[in-house]
Every structure is written in structure tokens, then in C-alpha cells.
Amino acid sequence: MDQVKIVRIPILPMYMVNAHLLLGPDGCVLIDAGIPGSEQKIGRTLAKEKLTFKDIKLIIITHAHVDHAGSAARMRELSGAPILAHEDDAKYYSREEQMSFCPTGRFARLFLKTGFILQPYETFTPDVLISGKQAIDLSRYGIPGKAAHTPGHTSGSISVELESKEAVVGDLLASGILIGGIMRKRHAIRPPFEDDPHRVAEELLRLLSAGHHTFYLGHGGPLRADEVYRHAQTLKGLPAV
Ligand SMILES: O=c1ccn([C@@H]2O[C@@H]3COP(=O)(O)O[C@H]3[C@H]2O)c(=O)[nH]1
């Protein structure tokens, strides 16, 4: 296999919440680990690819929200693989600080009131920290591509940019309705919470200028470049935060 195969792991039904596996010529990388207790779902997807936890060479966590980082510590135990994340979200992984949530709409404001989003997850210290705008070359983990800082959703959000010009962008944007995934899957939306839409727009436009044509998402997706461009222009038109 010369190309990287991207496999979506449905953490919640209908791709409302996704993690991803990258299956490269020389290795397997997990991007995001889902809500607490997702290890069986991840194990089932690995088994379909004839792999086990021990085949994972690296765990990349795109940002510190519970539906992405919730099973990271457990996945590290099961796989023995290091966790890579950005330094700007490190204080949230260790719970030295409580995250803030900037709701993007009515649904998110209601969701915030339930307190559900503050559910704790097992804390961890990432083994590999991306610092500032540094990019980490993934070829040493068997994947032609890099992991790099794409702030805006949270301050320490990161994305994976593959040489094939596919990108796995966590929650820089979502698609569908509610948290994403349900119906209108080709239509980009803002995720329920977003720190800074203007920074998100900048990062999306940077990824598009670098030639990325397909965007894999934490909620819904994947999306093509023209829809990502339309969404970035909408974000640029929002009032400054
Ligand atoms: O099982 C779930 C699914 C989702 N959520 C929240 O919905 C948000 C969706 O966008 P996000 O991934 O940036 O952050 C997520 C969380 O805050 C949750 O708390 N528990």
C-alpha cells in the first residue's frame, strides 16, 4: 500500500462523532480517541483492517474536548503508542485549567446548560508536544504527511496534512445538523463550540491554498474544497470576537 488509507471510526452513530485511522505504507496512526469508553469501537475498526491496538504507532489528539480526548489515556495503555498534541491545549489534558466553551448557536447554549460537555475524562500528559507553529513530520510513524497547529476551534487545535492533499482537521468545521453527521452531510457548519471563527477561516484558507482537496471531520464529513471555501468566507464575514 503506497497511499494512506483513511478509515473513519464512528464513535457515535451516523458519524455524529468520528475518530480516524491512517493506514500508511509503514504504519498505522490513530487520530482522536472518542468519548470515554470508545476503545471497543476503535478495536472493532482495527479488527476489520486485520490490525490490533499494538499496530498503532502514534495517537494524535486534535484538541481537548471530551469527544476527542476522552479515551486517549486508555488507548495509550492498550497500544503502547505515544500521544501527540499541541502545547496550547496541554493544560486541559492535565485538567490544570478548565476549558471555556464559546457556543456558536442556540443548540450549543442549551447543550452547555446541561453540563454534559464538562464531563471529566482520564487526564494525561502528551508524550510529543507540538510547540507554536512547529510541524511534526509523520514519516517516522509510517505516514507521508505532517501534524501542525491549526488554532481557532481551541487554541491548541491541530490537523493532519497528508501528502495526498487530504486533511484530517478535527473540529475546524463540521457538517450536517446538530453536532454534525445527521443529514446535509455535504453542507459545512460551525461546530457547537468555537473559540475564534476568524482564526479558523485563516487556517482553512491556508489549507486550501496548500492544495488540500478533501477534509475529514470530527463530526460529519468528509467535505470537498469548494464547500470548505464557502464556509471560510462565511466565517470571515462574522463580527470580530
Ligand atoms: O458525547 C459527546 C458528544 C459531544 N459533546 C460536546 O459536543 C461538542 C461537539 O463539538 P466538539 O467536539 O468541539 O466538542 C464537543 C463536546 O463539547 C460531548 O460533550 N459529549
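The values are calculated or read from the model by the stated rules, or taken from the named source; none is laboratory data. All values derive from a computational prediction rather than experimental measurement. Backbone-built Cβ (ideal geometry, glycine too); neighbour counts: all protein chains shown.
Of note:
- Filtered residues of the stretch 79-102 (kept if buried (at least 16 other Cβ atoms within 10 Å of the Cβ) and not in a loop (DSSP other than H, G, I, E, B)): 79, 83, 84, 85, 86, 88, 89, 90, 92, 93
- Among the candidates 44, 74, the residue that is without any contact (Cβ under 8 Å) to a residue 40 or more places away in the chain, out of contact with any strand residue (DSSP E or B) (no Cβ under 8 Å at 6 or more places or on another chain) and among the basic types (Lys, Arg) is uniquely 44.
- Any chance residue 33 is within 16 Å of the ligand (Cβ to nearest atom) and either under 13 Å from the mean Cα position of the chain (by Cα) or small (Gly, Ala, Ser) (or both): yes
- Test: residue in the stretch 108-123 that is more than 16 Å from the ligand (Cβ to nearest atom), loosely packed, with under 15 Cβ neighbours inside 10 Å and outside any strand (DSSP E or B): yes
- The residues listed here are 180, 170; of these, the one that is within 16 Å of the ligand (Cβ to nearest atom), modelled with pLDDT under 95, of a type outside the set (Val, Ile, Thr) and assigned to a loop (DSSP other than H, G, I, E, B) is 180.
- Among (1) surrounded by fewer than 18 Cβ atoms within 10 Å (Cβ to Cβ); (2) under 28 Å from residue 235 (Cα atoms); (3) in contact (Cβ under 8 Å) with a residue 60 or more places away in the chain; (4) not charged (D, E, K, R) - the single one residue 157 does not satisfy: (1)
- Here residue 54 passes the criteria (1) more than 14 Å from the ligand (Cβ to nearest atom); (2) touching a Gly at 6+ places or on another chain (Cβ under 9 Å); (3) in a strand (DSSP E or B) except the one numbered (3).
- Only a single item in (1) small (Gly, Ala, Ser); (2) within 17 Å of the chain's Cα centre (by Cα); (3) closer than 30 Å to residue 240 by Cβ is not met by residue 145, and it is number (3).
- Test set (1) surrounded by fewer than 21 Cβ atoms within 10 Å (Cβ to Cβ); (2) over 20 Å from residue 22 (Cα atoms) - residue 194 fails condition number: (1)
To keep it simple, each residue is scored yes or no on (1) among the aromatic types (Phe, Trp, Tyr); (2) in a strand (DSSP E or B); (3) under 24 Å from residue 58 (Cα atoms).
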residue: 129; (1), (2), (3): no, yes, yes
residue: 155; (1), (2), (3): no, no, yes
residue: 161; (1), (2), (3): no, yes, yes
residue: 164; (1), (2), (3): no, no, yes
residue: 195; (1), (2), (3): no, no, no
residue: 202; (1), (2), (3): no, no, no
residue: 206; (1), (2), (3): no, no, no
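- Answer residue from the stretch 70-104, given it is farther than 28 Å from residue 141 by Cα and within 12 Å of the ligand (Cβ to nearest atom) and is modelled with the lowest pLDDT among those: 100
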